[in-house]
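Novice: Before we start, here is the structure in question, set down as structure tokens.
The values are calculated or read from the model by the stated rules, or taken from the named source; none is laboratory data. Everything quoted here is computed from the prediction, not taken from an experiment. Virtual Cβ from ideal backbone geometry, glycine too; neighbours counted across all protein chains shown.
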Amino acid sequence: MVINLYNSLYSHLQEDTLGKRIKKGRMVLGLSQSDLCELINIGRRTIDEYENDKVIPSRDVMFKLCIFLGKDLIIGDDEYLKFIINDYSKMLFEWRIKN
């Protein structure tokens, strides 16, 4: 039986914001910010800004984060986040038709 020590250590961390979900996912996997940066090809400062909820990742980065962290980061009622991962051109087109 394999025990994930990191999961045991970090299972208590909150997940109420996207940044906290990214940080928890990274820590549970035992990855440093630098490790995650190499995996998704972005700068360490950028990861820090994501984890501290200063910046919301682009659609492409969100997909990479979901793949490497192995979890659905898009939970909750974050309407802006749902907007950026959807086909916003279609949403904008529909909005223009209605208005």
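Novice: With (1) modelled with pLDDT of 85 or more; (2) outside any helix (DSSP H, G or I) as the list, and Glu49 as the residue in question, which single condition is left unmet?
Specialist: Condition not satisfied by Glu49: (2).
Novice: Quick check on my filter: what residues within region 42-64 are buried (at least 17 other Cβ atoms within 10 Å of the Cβ) and among the aromatic types (Phe, Trp, Tyr)?
Specialist: Tyr50, the sole residue that qualifies.
Novice: May I pose another question? Taking only pairs six or more apart or across chains, which ones have beta-carbon atoms under 6 Å, a first residue in region 21-37 that is closer than 16 Å to Glu49 by Cβ and free of Cβ contacts under 8 Å to residues at least 12 places away in the same chain, and a second residue that is of a type outside the set (Val, Ile, Thr) and assigned to a helix (DSSP H, G or I)?
Specialist: Between residues of region 21-37 that are closer than 16 Å to Glu49 by Cβ and free of Cβ contacts under 8 Å to residues at least 12 places away in the same chain and residues that are of a type outside the set (Val, Ile, Thr) and assigned to a helix (DSSP H, G or I), the close pairs are Ser34/Arg44; Cys37/Arg44.
Novice: Okay, moving on. Lys23: at pLDDT below 85 and in a helix (DSSP H, G or I), yes or no? Working first, answer last.
Specialist: Working: at pLDDT below 85: no; in a helix (DSSP H, G or I): yes.
It is false that Lys23 is at pLDDT below 85 and in a helix (DSSP H, G or I).
Novice: Given Leu13, Leu39, Leu31, Leu9, which one is assigned to a helix (DSSP H, G or I), surrounded by 13 or more Cβ atoms within 10 Å (Cβ to Cβ), modelled with pLDDT under 95 and over 10 Å from the mean Cα position of the chain (by Cα)? Steps first, answer last, please.
Specialist: Working: Leu13 fails: assigned to a helix (DSSP H, G or I); Leu31 fails: assigned to a helix (DSSP H, G or I); Leu9 fails: surrounded by 13 or more Cβ atoms within 10 Å (Cβ to Cβ).
Just one listed residue meets the conditions, Leu39.
Novice: Give me a count of the residues in region 53-99 that are at pLDDT 80 or above and either closer than 24 Å to Leu29 by Cβ or not in a helix (DSSP H, G or I) (or both).
Specialist: Selection size over region 53-99: 17.
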